[in-house]
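The values are calculated or read from the model by the stated rules, or taken from the named source; none is laboratory data. All values reported here derive from a predicted model rather than from experimental measurement. Cβ placement follows ideal geometry from the backbone for every residue including glycine, while neighbour counts extend to all protein chains displayed. The accessibility values were calculated without ligands, DNA or RNA, using every heavy atom of the protein model including side chains. Shrake-Rupley method; radii C 1.70, N 1.55, O 1.52, S 1.80 Å.
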Amino acid sequence: MDSNLIPYQPVISDIKNLIAAGQNVAYNAANRAMIMTYWNIGKRIVEEEQSGAERAEYGKRLISILSDELTKEFGSNYSGRSLRYYRKFYLCFPDFEIWNTRVPNLNWSHFRALLRVPDEDARVWYMNEAANENWSVRTLDRNIGTQYYYRLLHSPKKEAVIAEMKEKTAAEPKHQFELLKSPIVAEFLGFRTEDSFAESDLESAILSHIRDFLMEMGKGFAFVARQQHIVTDTEDYYIDLVFYNIELKCYVLIDLKMGTITHQDVGQIDMYVRMYDELKCKEGDNPTIGILLCGETSEDIARYSVLHDNDHLFMSKYLTYLPTKEQLRAEIERQKNIFYMQHPKLDDKSDDSEF
């Protein structure tokens, strides 16, 4: 540590803690606001549907008309399918107090999984357990699918059932979708909004704040190399940043791009991933993941490039400033929409029938 910083270290640590706490508050507030919005939309739809039997035909068209109007202005989060989920969310959890206190530990994907449970007692039990035990969405999905609640309820050996569940879910491989974040809020890099900086400046700033960057990226990341040199028979290549994720047991390559990414950028990260799998991975490593960390993601790239429906290539937006709660909420919504454009199967877990 620079000796000049020693007298200031306590205040530096305190302010870093304040910033980290502020980021957590912003993320939690955005999540809470999003779920609250969905619940209120569902409530309003149900209230409109219950306004009178003479309006039955009006009610049938309500979802379709709402979807057409809302998607024009707010995007695919308000498709007919999504609106039916919001409607069912309210019907399954009409008591605000029952679910609201669980939101800090649960996201919308948790609640969507809970909507599959027809038994109200089981649904509330799964919700409470997921919140109290910090279950991932995959663990919650598995426990619902294996009827964990009913097995536990009727078993004379409850400890054995609990131990089996913990063993099965502990052995379950982590999924990359649960560990990657977008947007990545990297105001700790120190760039001002009026600054002009190059990719090399961004790379250097990340390395200077590697601990903060790893924490912001998500779970299980360890730094491996900067500008890693890859030699082939025809050319030399340099990968901006290489990490290893101990949860996924795979290398994660990051290609830094200023501005909006292009098809050429996608082709480059795709090539890097293929090369790394062949030239660097060892026995026991899972397939390499490539992330395009860019100033702006693209809906067209998500839909029409090789990123589409590819579980090993991702794009993630970075923010070099700490946004307001409203800005962060809007950006999370936008990046989620783009993510589902890239991975449409993940937004299609159930049929499109009326609930």
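If the requirement is being closer than 19 Å to Phe221 by Cα and among the acidic types (Asp, Glu), which of these qualifies: Glu278, Glu299, Glu247, Glu283?
On the way: Glu278 fails: closer than 19 Å to Phe221 by Cα; Glu299 fails: closer than 19 Å to Phe221 by Cα; Glu283 fails: closer than 19 Å to Phe221 by Cα.
After ruling out the rest, the residue left standing is Glu247.
For the structure I just gave you, tell me whether Val137 is of a type in the set (A, V, I, L, M) and within 22 Å of the chain's Cα centre (by Cα). I'd like the intermediate steps shown before the answer.
On the way: of a type in the set (A, V, I, L, M): yes; within 22 Å of the chain's Cα centre (by Cα): yes.
Taking the combined requirement at face value, the residue satisfies it.
Of the residues that sit in the range 254-297 and are part of a loop (DSSP other than H, G, I, E, B) and open to solvent by less than 20 Å² (accessible area, probe 1.4 Å), which one is nearest to Gln342 (Cα to Cα)?
Initial filter on the range 254-297 (part of a loop (DSSP other than H, G, I, E, B)): 261-262, 280-288, 297.
The next check asks that each one be open to solvent by less than 20 Å² (accessible area, probe 1.4 Å); those that pass are 261, 288, 297.
Numbers: Ile261: 14, Thr288: 18, Thr297: 11 Å.
Looking at residues that are part of a loop (DSSP other than H, G, I, E, B) and open to solvent by less than 20 Å² (accessible area, probe 1.4 Å), I get Thr297.
With the structure loaded, tell me whether Phe96 is modelled with pLDDT of 85 or more and either surrounded by 15 or more Cβ atoms within 10 Å (Cβ to Cβ) or hydroxyl-bearing (Ser, Thr, Tyr) (or both) or whether it fails that test. Lay out the reasoning, then the answer.
Working: modelled with pLDDT of 85 or more: yes; either surrounded by 15 or more Cβ atoms within 10 Å (Cβ to Cβ) or hydroxyl-bearing (Ser, Thr, Tyr) (or both): no.
When the stated conditions are applied, Phe96 does not pass them.
Quick check, is Asn17 at pLDDT below 85, within 24 Å of the chain's Cα centre (by Cα), within 25 Å of Met127 (Cβ to Cβ) and assigned to a helix (DSSP H, G or I)? I'd like the intermediate steps shown before the answer.
Details: at pLDDT below 85: yes; within 24 Å of the chain's Cα centre (by Cα): yes; within 25 Å of Met127 (Cβ to Cβ): no; assigned to a helix (DSSP H, G or I): yes.
Taking the combined requirement at face value, the residue does not satisfy it.
So, of the residues in the range 20-52 that are at pLDDT below 75 and touching a Lys or Arg at 6+ places or on another chain (Cβ under 9 Å), which turns out to be least open to solvent (accessible area, probe 1.4 Å)?
Here the residue is Ala26.
Assess whether Glu326 counts as being at pLDDT below 85, open to solvent by 60 Å² or more (accessible area, probe 1.4 Å) and part of a loop (DSSP other than H, G, I, E, B). Give the derivation first.
Working: at pLDDT below 85: yes; open to solvent by 60 Å² or more (accessible area, probe 1.4 Å): yes; part of a loop (DSSP other than H, G, I, E, B): no.
So Glu326 does not fit the description; no.
What residue, of Arg211, Arg274, Arg226, is over 28 Å from Ser136 (Cβ atoms) and at pLDDT below 85? Please lay out each step first, then the result.
Working: Arg211 fails: over 28 Å from Ser136 (Cβ atoms); Arg274 fails: at pLDDT below 85.
On inspection, the qualifying residue turns out to be Arg226.
Got at least one residue in the range 63-84 being assigned to a loop (DSSP other than H, G, I, E, B) and farther than 26 Å from Tyr340 by Cβ? Spell out the reasoning first.
Within the range 63-84, the subset assigned to a loop (DSSP other than H, G, I, E, B) is 75, 79.
After this cut, where a residue has to be farther than 26 Å from Tyr340 by Cβ as well, the list is none.
No, that holds for no residue.
Within the range 284-297, is even one residue charged (D, E, K, R) and more than 30 Å from Ala26 (Cβ to Cβ)?
In the first step, residues of the range 284-297 are kept if they are charged (D, E, K, R); the result is 285, 296.
Filter once more, keeping what is more than 30 Å from Ala26 (Cβ to Cβ): 285.
There is at least one residue in the range 284-297 that is charged (D, E, K, R) and more than 30 Å from Ala26 (Cβ to Cβ).
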